[in-house]
Every structure is written in structure tokens, then in C-alpha cells.
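The next block holds one structure in the form of C-alpha cells; read it before the comments.
No value in this document is a laboratory result; all are computed from the given coordinates. Since we're looking at a predicted model, the values are computed, not measured. Positions of Cβ are generated from backbone atoms using ideal geometry, with glycine treated the same way; all protein chains shown enter the neighbour counts.
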Amino acid sequence: MDELKQYIYKLVARLLPDTEMIDITAYVDDFSYSIEFWVTINGNKMQCFEMVDHGILKESDVNSLNQSIAKFIRQLPNYKKDRLNKITLTIKK
């Protein structure tokens, strides 16, 4: 899971360089995904779509990031094909 944590942190930190912590929940199967994450910056925690609503992130960036994460998860050795894979992580800087 460390490889996944590093990958997610790098993606998020490119958009939000002051990221201190990321909480993420991902549901991924072979054809679809649902990913939601919360980022803590300067002690303030915000959900990804809340950041879009406040103009901190663009919706297209969140969608692209989530798509990249789902693709990465599908390539992990412990990914289970034909099943819903649930991943919940807390990633600290």
C-alpha cells in the first residue's frame, strides 16, 4: 500500500503543495470507480468537491486525479478483478 500512498500524495501535492494529510476512500471495479478525498492544509480539512465549490481546485483536476488513482489501483497486484475493491487510506506528509 505504500506505493499507492506515495502515488496519491504526489498527485494531490502537485495541485495543493501545502498538503499535510490526505484521507481517501476509493471504490474501484473493472469498469467504474467512486473516489472521494479530504485534504488537510494548515490544519483545515476540506473535501475535494468542497474545494471545487470554493475555487481551490477545478472540477476537471479532481476528475483527472480520480481517474489516475483508479487506473493505478487496477494495476496493483492485490487488485481483485470482477469485484468491488474498497480502499480507505490516511496519508501523512
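Put a dot 7 Å past the Cα of Asp23, heading toward its Cβ, do the same for Leu84, and the two dots end up 2.1 nm apart.
If the chain between Gln67 and Trp38 were fully stretched, how many nm would it gain, using 0.36 nm times the residue separation less the Cα-Cα distance?
Values: separation 29, 0.36 × 29 = 10.44 nm, distance 1.63 nm.
Result for the pair: 8.8 nm of gain on full extension.
When Phe49, Phe72, Phe31, Phe37 are arranged by Cβ crowding within 10 Å, least crowded first, meaning fewest neighbours, the order is Phe31, Phe49, Phe72, Phe37. Give me P(r) over segment 24-90, computed from all C-alpha to C-alpha distances, binned every 5 Å, as integer percentages. Histogram of Cα-Cα distances, whole percents per bin: 4, 17, 26, 22, 15, 10, 6, 1.
With each run of n ≥ 4 DSSP H residues scored as -39500 (n - 2.57), what mean residue ellipticity at 222 nm is computed for the chain after dividing by its residue count and rounding to the nearest 500 deg cm²/dmol? Write down the numbers at each step before the final one.
Values: 3 runs with 36 residues, N = 93.
So the helix-based figure for the chain works out to -12000 deg cm²/dmol.
Only one residue of Thr25, Ile87, Val52 has its Cα farthest out toward the positive end of the dipole of the chain, where Lys and Arg carry +1 and Asp and Glu -1 on Cβ, and that residue is Ile87.
Suppose we look only past 16 Å in the calculated P(r) of segment 1-62. What percent of the Cα-Cα pairs does that tail hold?
Tail of the P(r) past 16 Å holds 46 percent of the pairs.
If you line up the long axis of helix 59-74 against the longest principal axis of the chain, both from Cα atoms, how many degrees apart are they, to the nearest 10? It works out to around 30 degrees. Counting only residues at least eight positions apart within a chain, or on another chain, the aspartates and glutamates with an alpha carbon under 18 Å from that of Lys92 are Asp2, Glu3, Asp18, Glu20, Asp23, Glu36.
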